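Below is one structure, written out as C-alpha cells; the observations come after it.
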Amino acid sequence: MRRTPPHAVVIGTGLSGLAAARALRNRGGLRITLIDLKKRVGASVSTHRADPLEIQIDRGCVGTLDDPADPLWDALGLEDDLVPVPMGDARTWFMFRRAQGSVLGAVGMSPDYTLLMQSAVTSVGEFDAAARAHGFPRFCVCLENGTVLESDAVVIAVSAPRAERILRGLSPDAAAQLERYRFDTIARVNVVQYTADIDGKLPAALPADHPIAYIARIDHPVRVPEGMTWLQFGMRCDPAVLETRWNPDDVAAQVTRMFDLPLGLIQPIVSVWPFDEPLEWQDTGFVARMEALHRALPEGAAVAGSDYIVTNRRPTLADRIRSGFAAAERVYPPLT
C-alpha cells in the first residue's frame, strides 16, 4: 500500500535542482527533500555584495547566452531583466540587471521543503519488488553519515562525476554514460576598476589558447557606479591545482598583472568549481549517450543539470531551469 503523501528527493540545490523541486511542489501532495553537499543553495548561481561599493558581484559566469525574449523569463517575473554584456567574442551575451541571484530567487525555495545541507549522498538504491509489495517505496538514498532516506522518486541534479558515483548501484548502464566526462575548469576573477585606468589595456579579443577564456566588462549603471567598471576574467585552470596550491589572492594578482592593471577598488572576488563548464555537448556522440542514460534509469529516477543538456552551444540558465522541469515530469507519473 502506498504511503501518503509520496516522498520525492532532489539531490543538488543548484538551479536545476531547485527548478525540479519547484515543479514537483506545484503538482501538490508531495513531501520534498533537498540534499546538498554545500552549506548554501544555488551552487554557481550566487551573488556577493562587494563592500564598500555595495556592487552585486556574480560569482559564476556573469554572461549568459539566454534569449531575453524567452517566455520563461516572463513566467518567472524577470521580463526585461536581461541586458547586453561584452564578453570579448562575436556571440551575443547578456547579464541580469538585478544579478543572477534574482534568478535563484525567482525559481525559489519553499518552507515546505526539508533541507539537508552539508550532506553527502553516497549512493541511491532500489528496494526489490517483494519489499515494495510490503509497503516500501522504490528508492533508498544513502548519506555518508549513515542516514538512509526512503523515497518514491529521486532527481539527481549534481555534476556528472558525482552522479556517476551515485548511480553505480542504481543503474551501472546509466553510470557508464557519464564516465570520463570532460570539463573546462574556469576561475572567475572579479575586480572593480576606475574606467579611466583600464581604457586601452584590454584586448578586443583573445586567442583560443589564451589562459584567459573571456573578459566581461560591466559598466551598466544598474550594476556599477558611474566612472567604474567591473571586470570578470574567466581564467582556465587545472582542477588538480585546486586541491594543492590554490590561493585566490595569488590568482587575482596573476590575472591583473597580465594586463598591467591595479588590483582595483574592492578585494578581488575569486570563485572556482572543479566541474564548471561542460564540454561533452560538443561531441558528436553526446546525444546518443544522453538518450542511453535516460533509458537506463529506472522509472521514478531522473537527472537534471547543465551536464545532461543536449545543445549546440554553452548551456544557458533557461536550459538549466527547463532541465529541472523536465526531470520533475519524468519522475512524477510513478508518484500518482
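The values are calculated or read from the model by the stated rules, or taken from the named source; none is laboratory data. None of the values given here were measured: they were computed from a predicted structure. Using ideal geometry, Cβ is built from the backbone for each residue, glycine included, and neighbour counts are taken over all protein chains shown.
Search the range 39-58 for residues being part of a loop (DSSP other than H, G, I, E, B) and hydroxyl-bearing (Ser, Thr, Tyr), and hand back the single one that is surrounded by the most Cβ atoms within 10 Å (Cβ to Cβ).
Residues of the range 39-58 that are part of a loop (DSSP other than H, G, I, E, B), as a first pass: 39-46, 51-54.
Still in the list and also hydroxyl-bearing (Ser, Thr, Tyr): 44, 46.
Values: Ser44: 21, Ser46: 18.
Per the criteria, the residue is Ser44.
Close Cβ contacts (under 6 Å, 6 or more residues apart or on different chains) running from residues in the range 133-147 that are under 18 Å from Ser119 (Cα atoms) and touching a residue at least 24 places away in the same chain (Cβ under 8 Å) to residues that are surrounded by fewer than 17 Cβ atoms within 10 Å (Cβ to Cβ) and of a type in the set (A, V, I, L, M, F, W, C) comprise Glu144/Ala120.
The single condition from (1) closer than 25 Å to Lys38 by Cα; (2) at pLDDT below 90 that Gly135 fails is (1). In the range 89-97, is there at least one residue being free of Cβ contacts under 8 Å to residues at least 40 places away in the same chain and either touching a Cys at 6+ places or on another chain (Cβ under 9 Å) or among the aromatic types (Phe, Trp, Tyr) (or both)? Scanning the range 89-97 turns up at least one residue that is free of Cβ contacts under 8 Å to residues at least 40 places away in the same chain and either touching a Cys at 6+ places or on another chain (Cβ under 9 Å) or among the aromatic types (Phe, Trp, Tyr) (or both).
Table: residues versus (1) among the β-branched types (Val, Ile, Thr); (2) buried (at least 21 other Cβ atoms within 10 Å of the Cβ); (3) not assigned by TED's automatic domain parsing to the domain that holds Pro71.
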residue	(1), (2), (3)
Ala301	no, yes, yes
Val310	yes, no, yes
Thr316	yes, no, yes
Ile321	yes, yes, yes
Ala328	no, yes, yes
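Residues in the range 284-336 that are in a helix (DSSP H, G or I) and within 12 Å of the chain's Cα centre (by Cα): Ser306, Asp307, Tyr308, Leu317, Ala318, Asp319, Arg320, Ile321, Ser323, Gly324.
Is it true that Arg91 is modelled with pLDDT under 90, in contact with a Leu (Cβ under 7 Å, 6 or more places away or on another chain) and not aliphatic (A, V, I, L, M)? Even if it seems obvious, please write down each step before you answer.
Details: modelled with pLDDT under 90: yes; in contact with a Leu (Cβ under 7 Å, 6 or more places away or on another chain): yes; not aliphatic (A, V, I, L, M): yes.
So Arg91 passes the test.
Please enumerate the residues belonging to the range 1-38 that are of a type in the set (Lys, Arg), in a loop (DSSP other than H, G, I, E, B) and either within 12 Å of Leu335 (Cα to Cα) or touching a helix residue (DSSP H, G or I) at 6+ places or on another chain (Cβ under 6 Å) (or both). Let's see the steps before the verdict.
So the first thing to find is which residues in the range 1-38 are of a type in the set (Lys, Arg), and the list is 2-3, 22, 25, 27, 31, 38.
Applying the additional criterion that residues be in a loop (DSSP other than H, G, I, E, B) yields 2-3, 38.
Selection gives Arg2, Arg3.
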